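S.K.: Quick one: the structure is below, questions incoming.
The values are calculated or read from the model by the stated rules, or taken from the named source; none is laboratory data. Keep in mind the model is a prediction, meaning the values are calculated, not measured. Keep in mind that these areas ignore ligands, DNA and RNA; they rest on the heavy atoms of the full protein, side chains included. Shrake-Rupley method; radii C 1.70, N 1.55, O 1.52, S 1.80 Å.
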Amino acid sequence: MQKFDKQAFIAEVKDNVKKLYRKNIEEADKQQIFQAVSYAVKDTIIDNWMMTQKEYEKQDPKYVYYMSMEFLMGRAMGNNLINLTEYDEVKEALDELGFDLNVIEDQEPDAALGNGGLGRLAACFLDSLATLNYAAYGCGIRYRYGMFKQKIEDGYQIEVPDNWLKNGNPFELRRPEYAKEVKFGGYVRVEYDEKNHRNNFIQEGYQSVRAVPFDIPIVGYNNGVVNTLRVWDAEAIVDFQLDSFNKGDYMNAVEQENLAKNIVEVLYPADEHYAGKELRLKQQYFFISASVQAAITKYKKKHSDIRKFYEKATFQLNDTHPTVAVAELMRILMDEEGLGWDEAWEVTTKTCAYTNHTIMAEALEKWPIELFSRLLPRIYQIIEEINRRFIEEIKAKYPGNQDKIRKMAIIYDGQVKMAHLAIAAGYSVNGVAVLHTEILKKQELKDFYEMMPEKFNNKTNGITQRRFLLHGNPLLAKWVTAHIGDGWITNLPEIHKMAVYVDDPKAQQEFMNIKYQNKVRLAKYIREHNGIEVDPRSIFDVQVKRLHEYKRQLMNILHVMYLYNQIKDHPEMDFYPRTFIFGAKAAAGYRRAKLTIKLINSVADVVNNDASINGKLKVVFIEDYRVSNAELIFAAADVSEQISTASKEASGTGNMKFMLNGAPTLGTMDGANVEIVQEVGKENAFIFGLTAQQVIDYENHGGYNPMDYFNNDQDIRRVLMQLINGEYAPDDTERFRDLYNSLLNTKSSDRADTYFILADFKSYAAAQREVEKAYRDEKGWARMAMLNMACSGKFTSDRTIQEYVDELWHLDKVIMPEK
Ligand SMILES: *Cc1c(COP(=O)(O)O)cnc(C)c1O
């Protein structure tokens, strides 16, 4: 790659400011500097992008199309500089211009086209695919409004629209030449084709939109590769025109215009929850139809035999959201490419693979037949036929067993079940952590596993160390590199070389000093954003992730209430100062989750303002948790709270980011926590609570009785009573009644304490005491924290992607020519 030329870069930034804003650099504001710098960075990227695509053209590799409703990218500029290995150089150049790169980075809005873990996984995968020299497209939607911005007012979450494109996105490229038409509604006319002796299916009376791709570069680390995240925008197909001779078309034109406007308007902010809204299904088919059409077009540019499509393309479906790809591929192969059913099915089932992300019942996608067939008539016909044939297979395997059909049919009880379609048509079904995959096989998807065991496999999630250590924690990254070289950046298991330093007093001190500086950095952020003073010498105990009952932020804050009671009762008690840090967005319509946010903030108000406890306890709720502030938070964490009800968290990836940054896990044996403990040793984690098997056994036998804990444990009873006695809501003692009821079920019809908070509470409190004890041993703690970092090698998304490639996708590595 070309060497960085500082003066040329400075000249280009100045020139960009002039061209974009008709200003001299002295007159430009920070946002304008950000834009100017980004366009200069994009210049470098464009050359590599063109070269990469030319090389792909020449070498004709197999592509993976990673299809996902969500890509939680965060900011691009800093990450692009990191992967171009020009971060420090640009920092110097900006210093010379009198700007701080960090401040310029803060001008960039996060690209928050995702909710949480599932969307961030897609982003990490793109980074790893480019870094490992694999040809890949991310396929998604260019939402005009991404994940809402969270404001906290009077302790409550307020959702504010995220107008992330307000100042333009300097890195994206509109590609109207690759636009595709996507059709909705109407009906299917069948026409007998005399010549070819087959039926042709023609969709008529439909409305359509034009899908226009925007390409976003995905820069590989130091290898010259630039892949593409292709997100689709929707436009009206015909420019709106008033034709007085054609009044019938007038309303149709208006409707098509509105369809296009609505379809990409906003990301659904429900995480681990299925919305069932018509617009959501439109979004799904919109980006899938466009992406599948584009993949076919690309294939046909070089290849004539569509029956071998799967040799050059594979579709990975990120959860069931993109599953309509199965039927869309069948439709194109049959209706447009002229294949028969069996030929088309062979191609489709060798192309599509499905990743399962959850066992939560409320997240399983099912669409009412009425809605589905009205919106996608031809797609529905195809799914009906897939279902008919699948049921024949079930009958052949299990003669006379109606129960198997009930449990596995794709269409049943008036609904289209997307997971069943994905499993029936995919060549692979994978879970995202060992425990999760085992639960799929033994419980949730047991019948499918018995019928087709060869499809099932595990791919434990991972994260990119380039963003979450190299960019997010520069002090620690430099320190690691100074000790063991920079091989870890592209080969994370090398970080295990740091294990030889865990007992070295000098290294321990340096490590803890870096952690301290990162805590000072976060304390400054908290002071500026929350107006709360936190002591960087206190234990930073952090839970950041989406707010969901199964993740049990409620248990965490109840435990804080319990600690506060203890400190008040025993002021003389030796208590190591703690800062409990929360960050979480709740789905806009998820009332109980939003009430939990209010509780956290109410406890914070009381505890933080009680001078009598001498600052021993602080509670901070960080507003608008997102990728950019996550990077600061992980770097500064002492303790990683991963406390989901065992069996409910499929993998978790936040847990891995904490580990990489040297924060031991305080958690249950759930998701990838199990594998984290396996790597680092259980003596270097704080594990508590029911096991997944115990939870499942309870669930299979009618639940458990939280009243047993309420009646027999004073500490538990006291904090629960504080939910309804006005302790944290003096102005409205009923405010937190629903949280109290959710744990004890005094009225509601659903079972009490579905997430086993009372059952796990005491063992959680005991584990927290172990944390405090361990932290008091300075050397022991430094050792444990360093060991966590040193043993995090498995959890790089580079490893995950290599497993997908070796076992499922079989991609070719593309080697870039030397420049
Ligand atoms: C990693 C990440 C998540 C996922 O966190 P979990 O703890 O695995 O749920 C969610 N949001 C953001 C911004 C992240 O970076």
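S.K.: Which of the DSSP-defined H helices in the chain satisfy a minimum axial length of 20 Å, computed from C-alpha atoms, and a minimum mean Kyte-Doolittle hydropathy of 0.5? Kindly include the intermediate steps, with their values, before the conclusion.
M.R.: Values: long enough: 6-21 (22 Å, -0.49); 30-59 (42 Å, -0.81); 117-131 (21 Å, 1.04); 247-263 (25 Å, -0.94); 278-302 (37 Å, -0.44); 377-397 (30 Å, -0.65); 505-530 (36 Å, -1.33); 553-569 (24 Å, 0.07); 591-608 (25 Å, 0.22); 757-776 (28 Å, -0.50).
Long hydrophobic helices here: 117-131.
S.K.: Which values, in whole Å and largest first, are the semi-axes of the equivalent ellipsoid of region 285-388 obtained as the square root of 5 times each eigenvalue of the Cα gyration tensor?
M.R.: That gives 24, 16, 12 Å for the three semi-axes.
S.K.: Mind ranking Asp486, Asp60 by accessible surface for me, highest first, 1.4 Å probe?
M.R.: Final ranking, largest accessible area leading: Asp486, Asp60.
S.K.: What number, in percent, do you get for the relative contact order of the chain if the mean sequence gap of Cα pairs under 8 Å and at least 6 apart is divided by its residue count? It would help to have the intermediate numbers written out before the result.
M.R.: Details: 1497 pairs, mean separation 112.7, N = 819.
Once divided by the residue count of the chain, the mean separation gives 14 percent.
S.K.: Quick one: plug the Kirkwood hydrodynamic radius of region 419-483 (C-alpha pairs) into Stokes-Einstein at 10 °C, 1.306 mPa s, and report D in µm²/s.
M.R.: Once the numbers are plugged in, D ends up at 112 µm²/s.
S.K.: Would you rank His496, His548 by solvent-accessible area, highest first, keeping every protein chain in place and using a 1.4 Å probe?
M.R.: Numbers: His496 100, His548 10 Å².
Sorted by accessible area, descending: His496, His548.
S.K.: Continuing with the same structure: Gap in Å between the Cα centre of region 609-636 and the Cα centre of region 292-342?
M.R.: What the calculation gives is 48 Å, centre to centre.
S.K.: Further question: Leaving out ligands and nucleic acids, note down the accessible area per residue over the chain with a 1.4 angstrom probe, in whole Å².
M.R.: Result: 39 Å² per residue.
S.K.: Ranked by accessible surface with a 1.4 Å probe, highest first, in what order do Met669, Met418 come? Each step should come with its number before you reach the end.
M.R.: Values: Met669 65, Met418 0 Å².
Order by accessible area, largest first: Met669, Met418.
S.K.: Using Cα-Cα distances under 8 Å and only pairs 6 or more residues apart, what relative contact order does region 272-378 have, in percent?
M.R.: 39 percent.
S.K.: Rounded, prolate or oblate: pick one for region 99-205, where a ≥ b ≥ c are the square roots of the eigenvalues of its C-alpha gyration tensor, a/c under 1.5 means rounded, and failing that, prolate if a/b is larger than b/c, else oblate. Could you put the intermediate results ahead of the total?
M.R.: Numbers: a/c = 2.79, a/b = 1.92, b/c = 1.45.
Prolate, since a/c reaches 1.5 and a/b exceeds b/c.
S.K.: So, one more: Per residue, how much space in cubic angstrom lies within the convex hull of the C-alpha atoms of the chain?
M.R.: Roughly 182 Å³ of hull volume per residue.
S.K.: Regarding region 733-790, what's the average projected area of the Cα-atom convex hull, expressed in nm²?
M.R.: Spelled out: convex hull of the Cα atoms, projected over all directions, averaged, 6.5 nm².
S.K.: Taking every DSSP beta bridge that has both residues in the chain, what percent is antiparallel when rounded to the nearest 5?
M.R.: Bridges in the chain that DSSP calls antiparallel: roughly 45 percent.
S.K.: Can I ask one more? 5 Å is the cut-off here: which amide hydrogens, built 1.01 Å from N in the peptide plane, fall below it relative to Lys23, excluding neighbours closer than 5 in sequence?
M.R.: Hits under the 5 Å cutoff: Lys18.
S.K.: Spelling out what I want: for every residue of region 610-621, take phi, set θ = phi - 60°, compute 6.51 cos²θ - 1.76 cosθ + 1.60 (Karplus), and round to whole Hz; glycine and proline get x.
M.R.: For region 610-621, the Karplus curve yields 9, 5, 5, 9, 6, x, 5, 10, 10, 10, 10, 9 Hz.
S.K.: What does the C-alpha gyration tensor say about the overall shape of region 330-382? Classify as rounded when a/c is under 1.5, otherwise prolate if a/b is larger than b/c, or oblate.
M.R.: oblate
S.K.: Could I ask something else about it? So what does Glu194 come to for accessible area, using a 1.4 Å probe and Å² rounded to 10?
M.R.: 140
S.K.: Only bridges whose two residues both fall in region 333-490 count here: according to DSSP, what percent of them are antiparallel, nearest 5?
M.R.: Values: 5 of 10 bridges.
Among the beta bridges of region 333-490, antiparallel pairing accounts for roughly 50 percent.
S.K.: Okay, moving on. Rounded to the nearest percent, how much of the accessible area of the chain (1.4 Å probe, protein heavy atoms only) is carbon and sulfur?
M.R.: On the chain, the fraction of accessible area on carbon and sulfur atoms equals 49 percent.
S.K.: Rounded to the nearest 500 deg cm²/dmol, what is the calculated helix-only ellipticity per residue at 222 nm for the chain, with -39500 (n - 2.57) per DSSP H run of length n ≥ 4?
M.R.: So the calculated ellipticity at 222 nm is -14000 deg cm²/dmol.
S.K.: In addition: Mind checking the alpha-carbon convex hull of region 370-473 and giving the volume per residue in Å³?
M.R.: Hull volume over Cα atoms, normalised by residue count, gives 147 Å³.
S.K.: Once amide H atoms are placed 1.01 Å from N in the peptide plane, what residues at a sequence separation of 5 or more from Phe575, or on another chain, have their amide H within under 5 Å of its amide H?
M.R.: So Phe575 has HN proximity to no qualifying residue.
S.K.: Given axes a ≥ b ≥ c from the Cα gyration tensor, I'd like to know whether region 704-819 is rounded (a/c under 1.5), prolate (a/b larger than b/c) or oblate.
M.R.: prolate
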